[in-house]
Amino acid sequence: MSQESLKSPLPKNSTSKAAPSLDILLNWTDQHIFNLKNLIRPAPESKPRTPFATNLPKEKVSMRNLTGRQLLQVIPKFLPLLANMVLGSRMYDREFKASSSQADPKFIADLEAMARAAGAKDIAYIKVPPNAIFQGKGIPGEYAIVFTVEMDKEPISTAPSFECQLEVMEGYKRMSTISNRLAHHLRKNGFAAYPGTALGGLTDYVHLAELAGLGAIGYHGLLISPGEGARLRLNTIYTNITNLPTLEARGETNEHLWVRDFCAMCNKCVRKCPVDAIYNQPRPRGDGGYQSIDHASCRDYFTEHNGCGVCLAVCPFSQIGYEKVHAGFKGNDHAPQLRITAQH
Ligand code: SF4
Ligand code: SF4
């Protein structure tokens, strides 16, 4: 990458009335991957990452209209997130020469303990299928460590609100710290490791998380997982370790897919979305995954209302928890069997 492109993520002399988009920053951090020679590329049918950009004028963007007090709450979350994203992206500047691709079970157990101590909730592993890599991107390792962080119920239940957005930002900040820390630990032990960016990303984290067995994607397009339901955020670390305890290696299948049978009866997020952006039933999108949301409809409301989050807040899995929903669910023989696929 040229030095020129490293100078600033923001365009000079922009005359647009629309607010500068987060996409500019994300694409700028992504550029570091092209310093690496051996990227695994997306499948022909892979989709591009959903952009954040809207045509809303700057004065309607909630993040640009924060009070001084709110700004003081945002800065301690956003600045470390930004710093971690920049530091993480620099780990893609040169190829890490791994000395091993086999990790023993104790090392993996210690890694998980380290991740949990730093604030991760659940961790799983996946051989990344190329159809989960976004079009125009690439990844430097065949395998991914996928982890969740939980967001607190109280602020999330106030969505759409500044409090909810702050909690989401806290989740992103925590994920960016964890992924960088684990990637450095892996490298110190001779393994190649590249942290995924907390915001954006090179792969479809939700798709990976379901294939890894962390939970199931609900009709709102978010992962639903034991315990916190949809009140979670996801991140990854790409690695060269080939003997990770993936679902496949353990001879297991995802036990959470009943969640979508429940969704087919519930549809609460569909009814409660303020702009009717959630489809009654997710639609195949041609890359092995499903499209749950009309992003064009969601985006402006999302940008104008603190990242919205109503679908996440009203979901029964977020409110009463996965286990209670499961205990009361008697099955749904009429539910469409929607299955996302991995392409290897
Ligand atoms: S609100 Fe209902 S339909 Fe929507 S994701 Fe949650 S359980 Fe599924
Ligand atoms: S974030 Fe808000 S606008 Fe977007 S799909 Fe969810 S409820 Fe609808």
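What GluC sites (Glu not before Pro) in segment 93-152 are in a loop by DSSP, with at most 13 other Cβ atoms within 10 Å of the Cβ?
Within segment 93-152, the qualifying GluC sites (Glu not before Pro) (loop, at most 13 other Cβ atoms within 10 Å) are E95.
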The chain: most fluctuating residue of Q31, Q73, Q291 per GNM, C-alpha cutoff 10 Å: Q73
Would you work out if segment 111-248 is rounded, prolate or oblate? Take a ≥ b ≥ c from the square roots of the eigenvalues of the alpha-carbon gyration tensor; rounded if a/c is under 1.5, else prolate when a/b is larger than b/c, oblate otherwise. prolate
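List the residue ranges in the chain for DSSP H helices whose C-alpha atoms run 15 angstrom or more along the long axis and whose Kyte-Doolittle average is 1.0 or above.
Span-like helices here: none at all.
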The longest stretch of the chain containing none of the trypsin sites (Lys or Arg not before Pro) that sit in a DSSP loop with at most 14 other Cβ atoms within 10 Å is 98-249
Please state the charge dipole magnitude for the chain, taken about the Cα centre, from unit charges on C-beta atoms (+1 on K and R, -1 on D and E), reported in debye and rounded to the nearest 20. 740 debye
Counting pairs of alpha carbon atoms under 8 Å apart in space and at least six apart in sequence, what relative contact order in percent does segment 75-207 give? 38 percent
Report relative contact order for the chain in percent, whole number only (criteria: Cα-Cα under 8 Å, sequence separation at least 6). 21 percent
Please identify, among H220, H334, H295, the residue showing maximal mean-square fluctuation in a Gaussian network model of the chain using a 10 angstrom Cα cutoff. H334
Roughly how far apart, in whole Å, are the Cα centres of segment 55-116 and segment 281-339? 25 Å
Most fluctuating residue given options Y194, Y205, Y301, as computed from a GNM of the chain linking Cα atoms under 10 Å: Y301
Would you calculate a helix-derived [θ] at 222 nm for the chain, using -39,500 (n - 2.57) for each DSSP H run of n ≥ 4 and dividing by the full residue count, to the nearest 500? -11000 deg cm²/dmol
Got a sec? Charge dipole of segment 199-282, +1 on Cβ for Lys and Arg, -1 for Asp and Glu; which of A230, L247, A212 is way out at the positive end? A230
Where a ≥ b ≥ c are root eigenvalues of the Cα gyration tensor, a/c under 1.5 meaning rounded, otherwise prolate if a/b exceeds b/c and oblate otherwise, segment 107-150 counts as prolate
Compactness check, the chain: C-alpha Rg relative to the 2.2 N^0.38 Å globular estimate gives 0.97
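No lab work stands behind these numbers, since they all come straight from the coordinates. This structure is a prediction, so every number in the text was calculated from the model and none was measured. Heads up, the Cβs are rebuilt from the backbone with ideal geometry, glycines too, and the neighbour counts pull from every protein chain shown.
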